[in-house]
Amino acid sequence: HFNLGVCNPNLNVHRWLSITAIPLFQAGEEKPVQIYSTFEDITDRVHAEEALRESEIKHRVMIANISDVIGIIGVDGFMKYKSPNIERWFGWQPQDLVGTDGWLTVHPDDLARIQREFWLLLQTPNATQTVEYRYKCKDGRYKWIELTAVNLVHDPLIDGVLMNYHDITDRKQAEEALRIQ
């Protein structure tokens, strides 16, 4: 069984075929007397697989280069996903946080408030909540973030709370400077 790309340059046609060949032997013979073969046109399947691969690559590149970090936290509070761009904004590698307690990066003074918001969010499917809090970077510093969370626990592809967040430290510092004046 093998796949073969067939091209007719005169017609600018390229087709993919799946070929299965089964040798038929006569009793006592070492060489086949006949070969039974089937051909199946798998061009549409090959093109669909190529389109899927290209789409996956495109989405990976987009996620890695957006300004918001994307994460998924399970109902148990453990991180299920972090987008690769978290390293650029907060110093973490996704694998540093996936599988860990999602509350480890929340400033202790903000923890009770953020956990309360999380549990409230879990009460309603598709509910959305936006919060601001201090987020712990890998180097131990804290940055202010604005996080929007959506309860997608009922969605089998997400099965948790989908989050996107970004650094708002400069904005918070400017607000504080204006407040002090």
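The values are calculated or read from the model by the stated rules, or taken from the named source; none is laboratory data. As the structure is a computational prediction, the values presented were derived from the model and not from experiment. As a convention, Cβ positions derive from the backbone with ideal geometry for all residues, glycine included, and neighbour counts pool all protein chains shown. Accessible surface is based on the protein model in full, side chains and every heavy atom, while ligands, DNA and RNA are left aside. Shrake-Rupley method; radii C 1.70, N 1.55, O 1.52, S 1.80 Å.
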Exercise. Which percent of the accessible heavy-atom area of the chain goes to carbon and sulfur, probe 1.4 angstrom?
Worked result: 56
Problem set entry | Theoretical FRET efficiency, 1/(1+(r/R0)^6), r = Cβ-Cβ of Arg113 and Asp139, R0 25 Å, to 0.05 | 0.55
Problem set entry | Whole-number percent relative contact order across the chain, with pairs defined as alpha carbons under 8 Å at least 6 apart | 14
Seminar exercise, completed: Over all Cα pairs of the chain, the Kirkwood radius sets Rh, and Rg/Rh then becomes 1.30
Problem set entry | Projected-area mean, the stretch 124-181, by convex hull of Cα positions, square nanometres | 5.3
Exercise. Which of Gln115, Gln34, Gln95 moves the most in a Gaussian network model of the chain with Cα springs under 10 Å?
Worked result: Gln34
For this session: Identify which of Asn126, Asn85, Asn164 has the largest mean-square fluctuation in a Gaussian network model of the chain, with springs joining Cα atoms closer than 10 Å.
Result: Asn126
Problem set entry | Value of relative contact order over the stretch 103-181, rounded to a whole percent, pairs C-alpha under 8 Å and six or more apart | 23
Exercise. Expressed in nm to one decimal, what extension gain is obtained for the pair Glu50 and Asp159 from 0.36 nm per residue of sequence separation less their Cα-Cα distance?
Worked result: 36.5 nm
Exercise. Which angle from 0 to 90°, rounded to the nearest 10, does the C-alpha axis of helix 111-121 make with the longest principal axis of the chain?
Worked result: 50
Problem set entry | Choice from Ile145, Ile22, Ile66 with maximal GNM fluctuation in the chain (Cα, 10 Å cutoff) | Ile22
Exercise. Can you give the extra length, in nm with one decimal, that the chain gains between Phe78 and Thr128 once fully stretched, where that is 0.36 nm per residue apart less the Cα-Cα distance?
Worked result: 16.1 nm
Seminar exercise, completed: Tilt, helix 169-180 to longest principal axis of the chain (alpha-carbon atoms), in degrees rounded to tens, equals 10
For this session: Mind checking the stretch 105-150 for trypsin sites (Lys or Arg not before Pro) that DSSP puts in a loop (not H, G, I, E or B) and that have at most 12 other Cβ atoms within 10 Å?
Result: Arg141
For this session: Multiply the residue gap between Phe25 and Phe39 by 0.36 nm, knock off their C-alpha separation, and tell me the result in nm, one decimal place.
Result: 3.0 nm
Seminar exercise, completed: The size of the Cβ-based charge dipole (Lys, Arg +1; Asp, Glu -1) of the chain about the Cα centre, to the nearest 20 debye, is 460
Exercise. What accessible area per residue, rounded to a whole number of Å², is obtained for the chain using a probe radius of 1.4 Å?
Worked result: 66
